[in-house]
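Data block below; observations after.
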Amino acid sequence: MAEKLGGTTERASRPSGWRRDCLSGGFMSELIESHADLASLSKEERLARMRHSAAHVLAEAMVELMPGAELGIGPPIDTGFYYDFRLPRPLTNEDLAWLEERMRQSIAGHHPFQMASITKAEAAEHWKDQPFKLDLLSELDEGNVTQCTHAHFTDLCRGGHVNDTGDIPQSFKLMSIAGAYWRGSEKNPQLQRVYGALFETAEDLAAYEEHLEEARRRDHRRIGRELELFELVDEIGPGHVVWLPAGATIRRELSRWIEDLEIEQGYLHVHTPNVAKRELYVRSGHWDHYQDAMYPIMERDGEEYVLRPMNCPSHIMVYEAAQHSYRELPIRIAELGDMHRWEKSGELTGMSRVRIMTLNDAHIFCADTDQVALEVENVLRLMEHVYGVLGLKNYSYRLSLGDPDDHEKYVDNPPMWAKGEDLLRRVLTRVGLPFTEAKGEAAFYGPKIDVQFETAAGKDETLVTVQVDFHLPNQFGLEYIGEDGARHQPIIVHRGVISTLERMVALLIEEYEGNFPLWLAPTQAVVIPIADRHVAYAEEVAAELRARRLRVTVDSRNERMQAKIRDHQLKKIPYMLVVGDREAEANAAALRVRGGENLGAIPVADILARLVTERDTRALVP
RNA sequence: GCCCGGGUGGCGCAAUUGGCAGCGCAACCGAUUUGUAAUCGGUAGGUUAGGGGUUCGAGUCCCCUCCCGGGCUCCA
């Protein structure tokens with residue numbers, strides 16, 4: 001509740017942003033809420049009021065459970081609400097059950113929510129034992145503030161409630177207990193956050209829980225283990241991915257594909273070392289900003305080395321290896337190289353957040369902003385192509401801007417920022433891609449376009465970025481010889497498309513639920529002999545497919561055909577070729593598609609043609 | 001890194017107030033020779049994450065470390 005009350009604030013006119021920023025919730029439409037006709041509100045607004053009101057009810061229950069509870073904030077969120085508390089002891093699951101039951105009673109009690117306006121001085125007196133409320137109060141302008149009372153519970157709050165607790169649906173559930181820093185800053189005390197899910201109907205709540213269940217089914221960590229794609233083993237270290245043969249096959253196919261696409265687009269692939277002198281990153285500025293997130297220094301014979309956290313400086317060295325004319329630009333340097341970043345232990349997650357990762361990265365050295373615009377446009381088109389082939393849909397573009405007031409985080413050079421931001425905005429508009437803008441999300445040296453993906457679990461992740469960089473060329477004194485014969489400074493475009501192979505494969509596992517399209521599937525087909533006497537023929541069929549570089553195995557285990565089919569179905573193998581007497585006679589195989597469909601006996605030559613076409617066109621479905 | 005919750009054969013799980021570490025699947029061996037989602041029988045597999053403590057006795061209680069999960073923070 002950092003806003004002025006009752007007045008016109010910046011946030012009040014920005015409904016899309018209020019949800020995140022709102023401290024104790026609220027709409028600015030009225031100072032003292034009168035009776036609201038909930039049915040006339042939009043569903044979104046009605047839900048927000050229900051959720052925020054539920055947070056009040058949670059706080060009411062908490063104060064009853066622990067009279068010493070200190071109140072933080074309790075806003076609505078996309079799936080419900082949360083409330084932050086500082087408590088004398090850690091919450092338990094039993095507490096959660098008790099709180100939920102107590103909330104249901106309060107809802108059944110139909111207690112009206114009543115707003116009252118009091119002076120700031122009165123509020124300061126009233127909330128003198130609540131340090132977090134006092135902190136909120138300290139940011140409010142002089143004048144009156146509001147607080148909200150229902151039953152015997154009062155909260156400092158700017159509003160946004162339903163009329164009485166009875167308007168809150170019983171279709172809610174307290175989900176989890178989490179730690180959260182006050183005001184989202186590590187420097188502040190950590191509070192205990194209770195998350196609740198709340199929807200208007202029991203059906204909606206059930207659908208949400210089903211959605212969570214679905215996310216668990218798709219979880220790449222689960223599927224990665226079941227399909228033996230990758231492993232994270234203690235002995236090798238957290239965040240250090242071991243790609244098993246099946247996973248490494250997917251990785252290899254993706255790598256070959258993106259490198260071929262880049263070669264078609266005029267990129268030059270290089271290979272640079274995994275280790276470089278610390279001094280290189282001091283010069284680039286990365287050391288200053290990211291040393292805590294780098295592997296520790298290796299020191300020997302008075303020299304200091306680090307594992308490279310990124311390869312911009314290395315590619316700059318490639319550029320500097322020769323003098324360049326304007327005629328050569330743009331020069332596109334690309335590399336699928338390993339990056340090493342000491343992510344905090346709590347940030348590691350499966351393959352989507354790791355410490356050693358292979359990054360699909362490139363640096364495009366441009367002569368001027370016209371060239372930059374053209375190159376960024378080409379990158380965006382390449383992205384659209386790549387994500388289209390992969391069948392990805394749940395992503396969006398974000399223009400990430402700097403923050404002119406934050407000299408700690410960003411290079412201080414306002415004209416440079418304005419130029420870059422304007423340029424990226426223009427290109428996005430020209431290509432016709434919808435995008436949002438976000439202040440304070442840029443790289444330290446320049447603005448960027450981020451591609452944001454929603455994971456199966458519903459979390460927002462940055463897949464790749466495109467950045468315009470005037471800063472590093474300056475740090476390294478890069479130049480090219482212009483048409484006028486004089487020296488000029490190039491501009492660098494940093495870009496990724498596939499992201500890290502780790503994150504992309506994690507994403508694809510969840511997207512496909514392990515059912516990889518044929519071209520990526522580690523094992524593309526299994527030949528299943530019905531009885532021992534068919535094994536030799538099965539091997540012949542497999543050899544024919546392998547001759548066209550299809551990845552095929554023969555299941556000659558001493559098992560019944562049904563058991564083999566079941567096993568390979570669970571392994572999500574795209575095709576099964578069942579061979580018995582009839583098929584051996586006809587040089588055919590009975591083709592079973594992953595979905596379960598049995599196409600019956602088909603000549604091997606036809607099967608071969610079908611699979612090769614499906615693979616070579618990178619078809620998403622058989 | 002911080003808060004909370006976890007860690008039992010390869011995987012999924014069980015084990016009463018502290019009292020003989022078990023089950024299913026997978027693996028291996030044998031029998032069976034099978035027509036579109038699990039044939040039958042047998043065998044082997046464990047310092048209960050690691051270390052320390054309490055106890056006659058610890059998977060179980062206490063302490064430390066490591067790792068995993070949910071959040072927070074961060075993400076060049």
Report summary line: By the C-alpha gyration tensor axes a ≥ b ≥ c (rounded if a/c is under 1.5, else prolate when a/b exceeds b/c, else oblate), the shape of segment A:11-210 is rounded
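Quick check for me: using +1 on Lys/Arg Cβ and -1 on Asp/Glu Cβ, what's the dipole size of segment A:525-616 about its Cα centre, in debye to the nearest 20? Mind dumping the intermediate values first?
Numbers: 16 positive and 14 negative charges, 92 e Å.
Using only the charged Cβ atoms, the result is roughly 440 debye.
Return the carbon/sulfur percentage of the accessible area of segment A:187-227, one whole number, probe 1.4 Å, all protein chains in place. Walk me through the intermediate numbers first.
Values: 1140 of 2330 Å².
Of the solvent-accessible surface of segment A:187-227, carbon and sulfur hold 49 percent.
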Query - Separation in nanometres of the label points that stand 7 Å from Cα toward Cβ, at A:Ala121 and A:Glu94 - result: 4.8 nm
Report summary line: In segment A:253-501, taking the dipole from +1 charges on Lys and Arg beta carbons and -1 charges on Asp and Glu beta carbons about the Cα centre, the listed residue (A:Ile316, A:His494, A:Pro473) farthest towards the positive end is A:His494
Query - Overall dimensions of segment A:298-389 as given by Cα atoms, namely Rg and Dmax in Å - result: 17.1, 51
Report task. Go through A:308-317, A:136-145, A:397-406 and give me the packing order, highest mean Cβ count within 10 Å leading. Result -> A:308-317, A:397-406, A:136-145
Query raised in the report: Ranked from the most accessible area to the least, with a 1.4 Å probe and all protein chains present, what is the order of A:Tyr480, A:Tyr290, A:Tyr395?
Result: A:Tyr290, A:Tyr395, A:Tyr480
Report task. Report P(r) for segment A:110-180: all Cα-Cα distances, bin width 10 Å, range 0 to the bin holding the largest distance, values in whole percent. Result -> 17, 40, 32, 11
Requested in this report: Could you give the size of the charge dipole of chain A about its Cα centre, using +1 on the Cβ of each K and R and -1 on the Cβ of each D and E, expressed in debye and rounded to the nearest 20?
Outcome: 1280 debye
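Give me the percent of accessible area attributable to carbon and sulfur for segment A:293-447, probe 1.4 angstrom. The partial results should precede the final answer.
Details: 3490 of 7000 Å².
It is 50 percent, rounded to a whole number.
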Query - Rh (Kirkwood; distinct C-alpha pairs) - chain A, Å - result: 28.5 Å
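Just need the relative contact order of chain A here, percent rounded to a whole number, with Cα pairs under 8 Å and 6+ apart.
Here the relative contact order equals 10 percent.
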Query raised in the report: From the square roots a ≥ b ≥ c of the eigenvalues of the alpha-carbon gyration tensor of segment A:146-287, which class results: rounded (a/c under 1.5), prolate (a/b over b/c), or oblate?
Result: prolate
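If you restrict to DSSP beta bridges whose two residues both lie in chain A, what percentage is antiparallel, to the nearest 5? Numbers along the way, then the final one.
On the way: 84 of 100 bridges.
Looking only at bridges with both residues in chain A, the antiparallel portion is about 85 percent.
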Report task. Can you work out the PRE-style zone for A:Glu320? Point 7 Å along Cα to Cβ, and I want the residues of segment A:264-279 with backbone N under 16 Å. Result -> A:272-273, A:276-279
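Quick check: at a probe of 1.4 Å, how many percent of the accessible area of segment A:525-616 sits on carbon and sulfur atoms? Before the final figure, lay out each step's value.
Numbers: 2340 of 4770 Å².
Carbon and sulfur together cover 49 percent of it.
Probe of 1.4 angstrom, ligands and nucleic acids ignored: what's the accessible area per residue over chain A, in square angstrom?
Numbers: 28850 Å² over 622 residues.
Each residue of chain A exposes 46 Å² on average to a 1.4 Å probe.
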Query - Dipole moment magnitude, nearest 20 debye, segment A:253-501 about Cα centre, only Lys, Arg, Asp, Glu C-beta charged - result: 380 debye
Query raised in the report: Helix A:369-390 versus the longest principal axis of chain A: what angle, 0 to 90°, nearest 10, using Cα atoms?
Result: 70 degrees
Query raised in the report: How big is the gap, in Å, between the Cα center of segment A:146-177 and the Cα center of segment A:290-348?
Result: 52 Å
Query raised in the report: What list of whole percents do you get for P(r) of segment A:525-616, with Cα-Cα distances grouped in 5 Å bins up to the one holding the largest distance?
Result: 3, 15, 29, 28, 19, 5, 1
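Whole number please: convex hull volume per residue, Cα atoms of segment A:253-501, in Å³. Walk me through the numbers on the way to the answer.
On the way: hull volume 35.8 nm³, N = 249.
Hull volume normalised by residue count: 144 Å³.
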Requested in this report: For chain A, find the longest principal axis of its Cα atoms and tell me its angle to the long axis of helix A:93-108, 0 to 90°, nearest 10.
Outcome: 60 degrees
Requested in this report: Name the residue farthest towards the positive end of the dipole of chain A from the options A:Ala367, A:Ser185, A:Tyr512, assuming +1 on Cβ of Lys and Arg, -1 on Cβ of Asp and Glu, about the Cα centre.
Outcome: A:Tyr512
Requested in this report: Obtain the nm distance between the two label points defined at A:His269 and A:Glu479 by a simple spin-label model: each point lies 7 Å from its Cα along the Cα-to-C-beta direction.
Outcome: 3.4 nm
Query raised in the report: Helix A:501-512 versus the longest principal axis of chain A: what is the Cα-based angle in degrees, 0 to 90, to the nearest 10?
Result: 80 degrees
Query raised in the report: Taking the Cα centre of each part, how many Å lie between segment A:357-412 and segment A:508-587?
Result: 42 Å
Report summary line: Rounded to whole angstrom, the alpha-carbon centroid of segment A:47-86 lies from that of segment A:198-232 at a distance of 26 Å
Report task. Arrange the peptides A:48-55, A:562-569 so that the one whose residues have, on average, the most other Cβ atoms within 10 Å appears first. Result -> A:48-55, A:562-569
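Students often check this: by mean Cβ neighbours within 10 Å, which of A:506-512, A:170-176 ranks highest, and how do the rest follow?
Going by the mean number of other Cβ atoms within 10 Å, highest first, we get A:506-512, A:170-176.
The values are calculated or read from the model by the stated rules, or taken from the named source; none is laboratory data. Please read all numbers here as calculations on a predicted model, not as lab measurements. Neighbour counts run over all protein chains shown; Cβ positions are idealised from the backbone, glycine included. Heads up: the accessible areas ignore ligands, DNA and RNA and are worked out on the full protein's heavy atoms, side chains in. Shrake-Rupley method; radii C 1.70, N 1.55, O 1.52, S 1.80 Å.
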